[in-house]
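Let me begin by presenting the structure, written as structure tokens, before commenting on it.
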Amino acid sequence: MAASGIKAGVTVMTKFVKPGAAAFDSYINYMDRDEAQRAEYTSKYNLYQDYMGNPEKTSSLFTADKDLSPDERKAMKDVFSHAEENGSLMWQTVISFDNRWLKENGLMNEDGVIDEEKLKDVTRNSVRKMLHNENLDNAVWTAAIHYNTDNIHIHVATVEPEPMRKKKEFTYKRKDGTTFTKEEYVGRFKMDSIEKCKSSVVNQILRDQETNKEINRIIRESILADKKQFDFSDDKELMDQFLKIYNSLPDCDRKMWNYNQNIMAGVRPEIDKLTEMYIRKYHKDDFEELEKLLHDQDRKYKEAYGTDREGRSYYDTKIEDLYARMGNSIMKDLRAYDKELREIQRSQEAAQKAAEAARKRSIRKGKRELRQEAIQTRMGLGRAMSRLKQNMKDEYEKSRNEYLHELMLDHQLETNPTIDY
């Protein structure tokens, strides 16, 4: 139900009936009738007649692929009959619109004329997503746009020609109070399947609006594009915050340095702070315009859903997306900075190792040279001593010979004084 008095712009509901049920048979019976007859007998096969009332008219039947001609409606009637014979359930889905919301978003003019082709395309895409989420890609469906004075709604009927739906045991109670179990196809759709259908309807109608285009332009082409060219080292204040983040990063595989990784939870507030500082300093006007557009679009989404959606609003979603994109851009810069530092560190370590190796080589070389000098010195001393000994020996021999010669002369004088020298 809508909250705060806001009527939902779009609602989606789904029920199912078993084969042989009156609503199943009635729908098949009236599939090949013209639009006026089917509109007249809607209450016989429509599970939501109390909600929708009697439509003034009904559009032609259409499917996932095309609008059906009279002959194609007959053929589709046979497909539905075959599915019922095979035990298929029939799901009835109603996508209902508030006419005011359709007018605001350009799908209905002031005279109440709607853009049927757009609504058919929206239905095709949305029902496909819902059925895919239910593993019913094998199903076939027909739909028609129903008109009344309060709201436009689209009635969708889905069957499985060859049932492949999951089965489970269901417990039933007899009139006498006893119970029994029976294996049957699961009929109820998951809530997230219905939500996917509704979200698809809303997004398709709103996504083409100029507001969304401008929102994406500001985020991607202005803020994010400029950030890719920005160098934090050019701004001391931002560089200080950048380095603070870097020094707080976990020491782990650098591939884990991504904004949305759980391991980054403790650092994420500082990354967001850097994003805020950058936007405030370099994209203040862009961000103020973005906030205005987001608030306006958020109001439209609230009107479409009838109240705030569970969890994040459209505004919150887009702001968080911007911060995540900015965060990942910052993380890319941090990884590049880390890589550069590591390369510098490796270069320094290599240089230190080379210097240490050179020092050790120098020491080894010095020791060898000292040993060589010592050896050479000892060899030189040895040679010098040998020369000295030889010289001393020569001098001794010379002196001894001179002394002996003098003794000989003296002896000759003593014995023969007349010898003339």
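Per-structure values
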quantity: Residue within the stretch 254-262 that is under 14 Å from ILE319 (Cβ atoms), assigned to a helix (DSSP H, G or I) and of a type in the set (D, E, K, R) present; calculated: no
quantity: Count of the stretch 156-199 residues which are in contact with a Phe, Trp or Tyr (Cβ under 8 Å, 6 or more places away or on another chain) and touching a residue at least 12 places away in the same chain (Cβ under 8 Å); calculated: 16
quantity: Residue satisfying condition, being more than 30 Å from HIS132 (Cα to Cα) and either outside any helix (DSSP H, G or I) or hydroxyl-bearing (Ser, Thr, Tyr) (or both), within set ASP272, ASP286, ASP251; calculated: ASP251
quantity: Some residue of the stretch 91-110 being closer than 30 Å to ALA8 by Cα, surrounded by fewer than 19 Cβ atoms within 10 Å (Cβ to Cβ) and over 42 Å from the mean Cα position of the chain (by Cα); calculated: yes
quantity: Hits in the stretch 261-278 (condition: touching a residue at least 24 places away in the same chain (Cβ under 8 Å), closer than 16 Å to LEU322 by Cβ and open to solvent by 10 Å² or more (accessible area, probe 1.4 Å)); calculated: ARG268, ASP272, LYS273, MET277
quantity: Scan of the stretch 146-187 for residues that are part of a strand (DSSP E or B) and within 38 Å of the chain's Cα centre (by Cα), ordered by number; calculated: ILE152, HIS153, ILE154, HIS155, VAL156, ALA157, THR158, VAL159, LYS167, LYS168, TYR185
quantity: Filter result (more than 12 Å from HIS155 (Cβ to Cβ) and modelled with pLDDT of 65 or more) within the stretch 44-55; calculated: LYS44
quantity: Pick from the stretch 14-28, criterion in contact (Cβ under 8 Å) with a residue 60 or more places away in the chain and under 22 Å from HIS153 (Cα atoms), ranking: surrounded by the most Cβ atoms within 10 Å (Cβ to Cβ); calculated: TYR27
quantity: Residue list for the stretch 279-294, filter: touching a helix residue (DSSP H, G or I) at 6+ places or on another chain (Cβ under 6 Å) and either under 14 Å from ILE319 (Cα atoms) or open to solvent by 80 Å² or more (accessible area, probe 1.4 Å) (or both); calculated: ILE279, ASP286, PHE287, LEU290, LEU293, LEU294
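Per-residue answers, yes or no, for (1) open to solvent by less than 60 Å² (accessible area, probe 1.4 Å); (2) in contact with a Leu (Cβ under 9 Å, 6 or more places away or on another chain); (3) modelled with pLDDT under 90; (4) not small (Gly, Ala, Ser):
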position: ASP150; (1), (2), (3), (4): no, no, yes, yes
position: VAL159; (1), (2), (3), (4): yes, yes, no, yes
position: GLU162; (1), (2), (3), (4): no, no, no, yes
position: THR171; (1), (2), (3), (4): no, no, yes, yes
position: THR181; (1), (2), (3), (4): no, no, no, yes
position: TYR185; (1), (2), (3), (4): yes, yes, no, yes
position: MET191; (1), (2), (3), (4): no, no, no, yes
position: LYS196; (1), (2), (3), (4): no, no, no, yes
position: ASP208; (1), (2), (3), (4): no, no, yes, yes
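The values are calculated or read from the model by the stated rules, or taken from the named source; none is laboratory data. This structure is a prediction, so every number in the text was calculated from the model and none was measured. Using ideal geometry, Cβ is built from the backbone for each residue, glycine included, and neighbour counts are taken over all protein chains shown. Remember, those area values only see protein heavy atoms, side chains included, never the ligands or the DNA or RNA. Shrake-Rupley method; radii C 1.70, N 1.55, O 1.52, S 1.80 Å.
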